[in-house]
Amino acid sequence: MNNTILLSEETEEIKKKVKQAFTDPQKIRKNDKGHPDNCVVFAYHKIFNFKNKEQRERDCKSGTIGCVECKEDCTTTMIEYLTPYREKRKELKKNESYVRDILKTGAHKASVETNKTMDEVRNHMKLWLNN
């Protein structure tokens with residue numbers, strides 16, 4: 001299914017997916033009162049639209065905004081929010097060996113800490129002691 005929005009996707013793909021997203025089936029016309037809790041687009045607003053999500057909810061419930069306008073606003077907000085992450089991803093993608101080195105170093109540090117913790121647990125529980 002094509003129901004995910006990936007950080008790696010280009011702006012046009014994000015626009016396309018939000019445009020096709022499911023909205024409130026009871027809000028047929030622009031001025032109909034909506035039920036944002038039944039709307040995928042409003043779920044996106046709750047995640048990405050820190051400034052205006054309460055206003056979007058009021059506008060939907062009162063029927064002062066239609067689904068098309070709401071989707072366009074949501075798309076703009078999502079793209080604005082995701083752009084720095086998408087840019088950083090592109091930057092890191094250019095230097096995969098650097099990323100792999102960071103992951104390898106982190107995995108080693110985590111393994112060392114895990115072993116210390118497990119030694120403490122075994123000691124306190126008196127398991128597998130070398131007597």
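The values are calculated or read from the model by the stated rules, or taken from the named source; none is laboratory data. This structure is a prediction, so every number in the text was calculated from the model and none was measured. Using ideal geometry, Cβ is built from the backbone for each residue, glycine included, and neighbour counts are taken over all protein chains shown.
Tally time: how many residues in segment 30-51 are touching a Cys at 6+ places or on another chain (Cβ under 9 Å) and of a type in the set (G, A, S)?
Keep residues of segment 30-51 that are touching a Cys at 6+ places or on another chain (Cβ under 9 Å), which gives 30, 33-36, 39, 41-42, 44-45, 48-49.
Checking which are of a type in the set (G, A, S) leaves us with 34.
Selection size over segment 30-51: 1.
Given the criterion of a type in the set (D, E, K, R) and over 20 Å from the mean Cα position of the chain (by Cα), identify the matching residue among K116, K51, K93, K88. Quick ask: steps written out before the conclusion?
Details: K51 fails: over 20 Å from the mean Cα position of the chain (by Cα); K93 fails: over 20 Å from the mean Cα position of the chain (by Cα); K88 fails: over 20 Å from the mean Cα position of the chain (by Cα).
Going through K116, K51, K93, K88 in turn, just one is of a type in the set (D, E, K, R) and over 20 Å from the mean Cα position of the chain (by Cα): K116.
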*Would a scan of segment 31-45 turn up a residue that is farther than 20 Å from N3 by Cβ, polar (S, T, N, Q), out of contact with any His (no Cβ under 6 Å at 6 or more places or on another chain) and in the same structural domain as I5 (by TED's automatic domain parsing)?*
yes
*What about Q26, is it at negative phi and in contact with a Gly (Cβ under 8 Å, 6 or more places away or on another chain)?*
yes
